[in-house]
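In what follows, a structure is listed as structure tokens, so that the remarks can point back to it.
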Amino acid sequence: MAMEMRLPVARKPLSESVGRDTKKHLVVPGDTITTDTGFMRGHGTYMGEEKLIASVAGSVERVNKLICVKALKTRYNGEVGDIVVGRITEVQQKRWKVETNSRLDSVLLLSSMNLPGGELRRRSAEDELAMRGFLQEGDLISAEVQAVFSDGAVSLHTRSLKYGKLGQGVLVQVSPSLVKRQKTHFHDLPCGASVILGNNGFIWIYPTPEHKEEGAGGFAADLEPVSLADREVISRLRNCIVLLVTQRVMLYDTSILYCYEASLPHQIKDLLKPEIMEEVVMETRQRLLEQEG
């Protein structure tokens, strides 16, 4: 039986010419950001001896007179309007608890979701008894952040037909700081698969449906067998996302598609080998730089 063995090698420093993201001002806890007292203190900073000091490792962001540090690796901090992918962890009275990669469990209220069939009416005791029939422990859902409470907990809603229960696919968990904010986070890629880029760092890859379910209210999970070709596309996309995350490249539809196209000459199982990973990411970065112009 053939066996491949690899020995550890010294990690190469990242090239300075890999993109514009490397030009950011990076700090670690205890670093002095500025000694100018005219700036306001934002998240990830504190004042000490009339200096603004970083309290987390990340990149410095400045908006007018406000300075904050965006952590490179962090839990999800919810914002109203964010698209998230989450997993049901508990069914409670008139609500579900959802794991969304934040510090506290998120909440999906029975009144904040469409009923099956999309009918609009008050929720009754029968609906409450049937909650486990709608969503049960372990189910994956896509939702939108409706509100953020004072303790940081997040309230979700699935009132649009594009949200709801997820069917067959692959879940990839990454750091929320690597998901780029865009107008839409639902993307049908030309390679035959679709992705939901959750702002919370949960990414769902699934075969593009041939026809959209309209009257299902977000509960019709397609459990038909997935073809081998679709499974290969999904596996390649999954490895491309892992590869981009390893190299700290921002995730959005264009970067994922460019990485997918750059990976086509290689076998799916070889994509996570260090030398192939470096080659694919370098080509992806080059195309992104050319596109930015």
Among the residues listed as F149, F134, the single one being open to solvent by 50 Å² or more (accessible area, probe 1.4 Å) and at negative phi: F149
Tell me, yes or no, whether region 97-107 has at least one residue that is over 14 Å from A153 (Cα atoms) and either among the small types (G, A, S) or out of contact with any His (no Cβ under 7 Å at 6 or more places or on another chain) (or both). no
Is it true that some residue in region 236-249 is on the phi > 0 side of the Ramachandran plot, basic (K, R) and within 17 Å of the chain's Cα centre (by Cα)? yes
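Okay, residues lined up against (1) open to solvent by 50 Å² or more (accessible area, probe 1.4 Å); (2) under 16 Å from I241 (Cβ atoms); (3) assigned to a loop (DSSP other than H, G, I, E, B):
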{"site": "H157", "(1), (2), (3)": "no, no, no"}
{"site": "Q168", "(1), (2), (3)": "yes, no, yes"}
{"site": "K183", "(1), (2), (3)": "yes, no, yes"}
{"site": "P190", "(1), (2), (3)": "yes, no, yes"}
{"site": "I196", "(1), (2), (3)": "no, yes, no"}
Out of the residues in region 41-58 that are assigned to a strand (DSSP E or B) and over 17 Å from N77 (Cα atoms), state the one that is most open to solvent (accessible area, probe 1.4 Å). R41
Can you say whether E90 is assigned to a loop (DSSP other than H, G, I, E, B) and among the acidic types (D, E), as far as the supplied structure shows? no
Residues located in region 211-247, provided they are in contact with a helix residue (DSSP H, G or I) (Cβ under 7 Å, 6 or more places away or on another chain) and either under 22 Å from G201 (Cβ atoms) or modelled with pLDDT of 70 or more (or both): E232, S235, R236, L237, N239, C240, I241, L243, L244, V245, T246, Q247
Given (1) open to solvent by 50 Å² or more (accessible area, probe 1.4 Å); (2) under 30 Å from I141 (Cα atoms); (3) modelled with pLDDT of 85 or more, identify the lone condition not met by K73. (3)
For region 74-86, enumerate the residues that are over 16 Å from T45 (Cα atoms) and in a loop (DSSP other than H, G, I, E, B). R75, N77, G78, E79, V80, G81, D82
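The values are calculated or read from the model by the stated rules, or taken from the named source; none is laboratory data. Just so you know, these numbers come straight off a predicted model, no measurement behind them. No Cβ is skipped: glycine too gets one built from the backbone with ideal geometry, and neighbour counts run over all protein chains shown. What goes into the accessible areas is simple: the full protein's heavy atoms, side chains included, and nothing from ligands, DNA or RNA. Shrake-Rupley method; radii C 1.70, N 1.55, O 1.52, S 1.80 Å.
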